[in-house]
Amino acid sequence: MTTITIESPQQPEIEAMLREGDAYALSLYPPDSCYMLDLDELAADGVTVVVARNPDGTALGMAALVDRGNGSGELKRLFVREAGRGRGVATAVMDALESAARERSIHTLQLETGPKQLAAIALYEARGYRHIENFGPYVGDEFSVCMEKSLS
């Protein structure tokens, strides 16, 4: 059984997973179109990191919630390792992340992904996220797809 917990990103295994996510993103998009939070940004106040682990404690996936402090938040760094794919890990991580957002009175959750990440886009659409115009640093980036979901 997979467990989902809120954890510090400052762990060697989480750092390794972040590097795997970086490598994956950089294999698909130019560096200027990869908007990944680094370890220090993930450890900042207002950021919640959700981690999925298998029964032996190995990290399978993660995501971060950035609380903007105005009732909205942004999903960042959703990544599932190969061993966790096709096993519902991404769904479990998203469930936990959306629950954490509601607990923090976040009513609108936004995200950015890339057009080549069709499985991610399908997951988000199935969860009720709708496509929106690019926001913030993603405006004008042809490699960005922005989505939003109301959590109220």
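The values are calculated or read from the model by the stated rules, or taken from the named source; none is laboratory data. Computed from a predicted structure; not experimentally measured. A quick note on method: Cβ atoms are made from the backbone with ideal geometry, for glycine too, and the neighbour counts reach across all protein chains shown. When the accessible area is computed, the model is the full protein with side chains, heavy atoms only, and any ligands, DNA or RNA have been set aside. Shrake-Rupley method; radii C 1.70, N 1.55, O 1.52, S 1.80 Å.
Data overview
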| item | result |
| --- | --- |
| Å² per residue, accessible surface of region 77-116 at 1.4 Å | 46 |
| Estimated FRET transfer efficiency (residue 41, residue 139; beta-carbon r; R0 22 Å; 0.05) | 0.65 |
| Share antiparallel - DSSP beta bridges, the chain, percent rounded to 5 | 85 |
| Summed side-chain charge close to residue 151 - residues other than residue 151 whose Cβ falls under 15 Å, Lys, Arg +1, Asp, Glu -1 | 0 |
| Alpha-carbon Rg/Rh ratio, for region 69-152, with Rh computed the Kirkwood way | 0.96 |
| Positive dipole terminus of the chain, leading residue within 26, 119, 1 (C-beta point charges) | 1 |
